[in-house]
């Protein structure tokens, strides 16, 4: 349970959601388009799934990336990626998330809910972005949970300032991502921000971020299909 909703819920009931986020792949033979939602998949299962369904190759790359997401996004959109902080607060770690992370239930936790944005104009008013210019747009919705006791003091202070994406804050730190899980699910906060139906589904992932010195956090990311913000 993250931010009052469960983006990775595996409910079995049918959902009426929008079209799947695919691009023109006429040069590639696939058996079928993605269904309207999927169960959680680990890396191997997701790759097998992609062999049978039409999935945007760039979204495949982003979903399975083990590097700094911000770097990949800036290379993709030829634009600085900016943080739009929705809220940041200290909360008790929810039981389900604590069990998944392997930390005590209810421990003091920094919860952060953000949008990453790209495009728009720079400080001089010049248009930035791919092909010489693109409008400001949301490229990722992210939620993170970090137990305060596991964060180095300097990192905790930087995070509480709410100025930079987590990826930029940890760029100089040894990190490891594991327990990666991918799913195609509705994400109501992202739908609301994009002005689409709250039953629309998006490709999402969550993973455990392990920091040098024993720090650990849960990161959830949802990616709008590129067709929405072109």
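Observations on the structure shown:
- Cross-chain or 6+ apart pairs with Cβ under 6 Å, the stretch 102-113 first and in contact (Cβ under 8 Å) with a residue 12 or more places away in the chain and on the phi < 0 side of the Ramachandran plot, then part of a loop (DSSP other than H, G, I, E, B) and surrounded by 12 or more Cβ atoms within 10 Å (Cβ to Cβ): 107/93; 109/93; 113/3
- Of the helices (runs of 4 or more DSSP H) lying entirely inside the stretch 165-230, those carrying at least 2 residues that are touching a strand residue (DSSP E or B) at 6+ places or on another chain (Cβ under 9 Å) and more than 18 Å from residue 155 (Cα to Cα) are 188-194, 226-229.
- In the stretch 132-142, the residues that are modelled with pLDDT of 80 or more and either surrounded by fewer than 14 Cβ atoms within 10 Å (Cβ to Cβ) or within 21 Å of residue 98 (Cα to Cα) (or both): 142
- The set of residues in the stretch 143-167 that are under 16 Å from residue 87 (Cα atoms), surrounded by fewer than 17 Cβ atoms within 10 Å (Cβ to Cβ) and without any contact (Cβ under 8 Å) to a residue 12 or more places away in the chain comprises 157, 161.
- Test: residue in the stretch 17-30 that is closer than 27 Å to residue 94 by Cα and either at pLDDT below 50 or not in a loop (DSSP other than H, G, I, E, B) (or both): no
- Residue that is surrounded by the fewest Cβ atoms within 10 Å (Cβ to Cβ) [pool: residues in the stretch 60-101 that are in a helix (DSSP H, G or I) and free of Cβ contacts under 8 Å to residues at least 24 places away in the same chain]: 75
- Inclusion of residue 125 among residues that are in a loop (DSSP other than H, G, I, E, B) and modelled with pLDDT of 95 or more is not warranted.
The values are calculated or read from the model by the stated rules, or taken from the named source; none is laboratory data. For clarity, every value in this text was computed on a predicted model and none was experimentally measured. A quick note on method: Cβ atoms are made from the backbone with ideal geometry, for glycine too, and the neighbour counts reach across all protein chains shown.
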